[in-house]
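J.: My structure is below; once you've seen it, I'll send some questions.
The values are calculated or read from the model by the stated rules, or taken from the named source; none is laboratory data. The shown structure was predicted, so the numbers you read here are calculated from the model rather than taken from an experiment. Because the Cβ atoms are built from the backbone with ideal geometry, glycine has one as well, and the counts that use them run over all protein chains shown.
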Amino acid sequence: MDRFRVVPAAYVIVRRGDEVLLLLRANTGYMDGHWAVPAGHVEHGESVLAAAVRELKEEVGLDVDAADLVPVTAMHRTGGNGDPIDERVDFFFTAERWTGEPQLMEPEKAAGLEWYPLDKLPEPLVPHEARVLGAVADGAALPAVISQGFA
């Protein structure tokens, strides 16, 4: 019998004071037209910290030291449809120190890159990211592990 598997992903909430850096998803086939934080799948043999550092560089051109990534929460979520790609564990971090200037590095996957005040986030946001960003905006500490989509 095959064991249950999940897809791990790293999310980086880049903060500049009370602002957060968001990408407008486009041409990906997933949540296109929604605002999102820089994120991506953890690759085989890669740690979640290395994935967060890599994704930040690939998507918005920022260099961050893994030691400057502050864990926010881990989210175990399901799409509830039995599709393996919709079984996830997402690791959310904040970054307030980096080098470089944010720029749209993958224009084929994103139609915009903007700073938004945490108290005036754009719509629509990717729903599971909106949940975490809402807690960050409220200054609320999330539990170390949360779940979404389960009965």
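J.: Every residue in segment 80-94 that is surrounded by 13 or more Cβ atoms within 10 Å (Cβ to Cβ) and either free of Cβ contacts under 8 Å to residues at least 24 places away in the same chain or part of a loop (DSSP other than H, G, I, E, B) (or both), please.
T.: Correct list: Asp86 only.
J.: A follow-up question, please. How do the pairs read when you match residues in segment 65-79 that are of a type in the set (Lys, Arg) with residues anywhere that are assigned to a strand (DSSP E or B), using Cβ under 6 Å and keeping only pairs 6 or more apart or on different chains?
T.: Final answer for the pair search is Arg77/Arg88; Arg77/Gln148.
J.: For Arg54, state whether it is among the basic types (Lys, Arg), in contact with a helix residue (DSSP H, G or I) (Cβ under 7 Å, 6 or more places away or on another chain), more than 24 Å from Gln148 (Cβ to Cβ) and at pLDDT 95 or above.
T.: Details: among the basic types (Lys, Arg): yes; in contact with a helix residue (DSSP H, G or I) (Cβ under 7 Å, 6 or more places away or on another chain): no; more than 24 Å from Gln148 (Cβ to Cβ): yes; at pLDDT 95 or above: yes.
No, not satisfied.
J.: Another question about this same structure. State yes or no: is Tyr11 outside any loop (DSSP other than H, G, I, E, B), hydroxyl-bearing (Ser, Thr, Tyr) and over 11 Å from Ala110 (Cβ atoms)? Please lay out each step first, then the result.
T.: Numbers: outside any loop (DSSP other than H, G, I, E, B): yes; hydroxyl-bearing (Ser, Thr, Tyr): yes; over 11 Å from Ala110 (Cβ atoms): yes.
Considered against the rule, which asks whether it is outside any loop (DSSP other than H, G, I, E, B), hydroxyl-bearing (Ser, Thr, Tyr) and over 11 Å from Ala110 (Cβ atoms), Tyr11 comes out as yes.
J.: Can you tell me how many residues in segment 10-54 are closer than 20 Å to Leu121 by Cβ and either surrounded by 18 or more Cβ atoms within 10 Å (Cβ to Cβ) or of a type in the set (Lys, Arg) (or both)?
T.: Number satisfying all stated conditions: 17.
J.: Also: Determine if segment 20-43 includes at least one residue that is farther than 18 Å from Gln103 by Cβ, of a type in the set (A, V, I, L, M, F, W, C) and in contact with a helix residue (DSSP H, G or I) (Cβ under 7 Å, 6 or more places away or on another chain).
T.: Yes, segment 20-43 contains a residue that is farther than 18 Å from Gln103 by Cβ, of a type in the set (A, V, I, L, M, F, W, C) and in contact with a helix residue (DSSP H, G or I) (Cβ under 7 Å, 6 or more places away or on another chain).
J.: Quick test for you: out of Ala52, Ala74, pick the one residue that is hydrophobic (A, V, I, L, M, F, W, C), under 30 Å from Asp2 (Cβ atoms) and in a strand (DSSP E or B).
T.: Values: Ala52 fails: in a strand (DSSP E or B).
Every option except Ala74 fails the conditions.
J.: Kindly indicate whether Glu46 is more than 11 Å from the chain's Cα centre (by Cα) and either in a helix (DSSP H, G or I) or not acidic (Asp, Glu) (or both). Before you say what the answer is, go through the steps one by one.
T.: Details: more than 11 Å from the chain's Cα centre (by Cα): yes; either in a helix (DSSP H, G or I) or not acidic (Asp, Glu) (or both): no.
So Glu46 does not fit the description; no.
J.: Any idea how many residues of segment 113-129 are closer than 26 Å to Gly80 by Cβ and either modelled with pLDDT under 95 or buried (at least 16 other Cβ atoms within 10 Å of the Cβ) (or both)?
T.: Adding up the residues that qualify gives 5.
J.: Something else: Within the bounds of segment 131-139, is there any residue that is farther than 21 Å from Arg54 by Cα, in a loop (DSSP other than H, G, I, E, B) and either of a type outside the set (A, V, I, L, M) or out of contact with any Leu (no Cβ under 6 Å at 6 or more places or on another chain) (or both)?
T.: Yes, segment 131-139 contains a residue that is farther than 21 Å from Arg54 by Cα, in a loop (DSSP other than H, G, I, E, B) and either of a type outside the set (A, V, I, L, M) or out of contact with any Leu (no Cβ under 6 Å at 6 or more places or on another chain) (or both).
J.: Among Trp35, Trp115, which is within 22 Å of Arg15 (Cα to Cα), of a type in the set (Phe, Trp, Tyr) and in contact with a Gly (Cβ under 9 Å, 6 or more places away or on another chain)?
T.: Working: Trp115 fails: in contact with a Gly (Cβ under 9 Å, 6 or more places away or on another chain).
Trp35 is the lone residue from the list that is within 22 Å of Arg15 (Cα to Cα), of a type in the set (Phe, Trp, Tyr) and in contact with a Gly (Cβ under 9 Å, 6 or more places away or on another chain).
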